[in-house]
Amino acid sequence: MPQWRGAAGGRWRVRYAEHGTVRGEAVALREAFDLAATGRTPAAAERCRRR
């Protein structure tokens with residue numbers, strides 16, 4: 001167990017999600033960022049509009 005998880009000494013019961021979730025908007029904005037970073041700004045702008 002990582003130190004930060006054991007620091008509470010077992011006083012609290014915290015459950016962590018098995019799987020994370022990423023909103024579709026976040027995926028679209030990351031794709032737009034990647035497009036813009038490679039100089040494809042028109043495609044990036046279009047990706048933002050389609051989110």
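None of the figures in this text is laboratory data; all of them are computed from the coordinates on show. Bear in mind that the values here come from a model prediction, so they are computed numbers and not experimental data. All Cβ positions, even for glycine, are placed from backbone atoms using ideal geometry, and neighbour counts span all protein chains on display.
The figures follow:
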| item | result |
| --- | --- |
| Label-point separation in nm, Thr21 to Cys48, each point 7 Å along Cα→Cβ | 2.7 |
| Burial order of peptide ranges 22-28, 40-46, 12-18 (average beta-carbon count within 10 Å, highest first) | 40-46, 22-28, 12-18 |
| Computed label-point distance, nm, for sites Arg40 and Ala28 using a 7 Å Cα→Cβ extension | 1.7 |
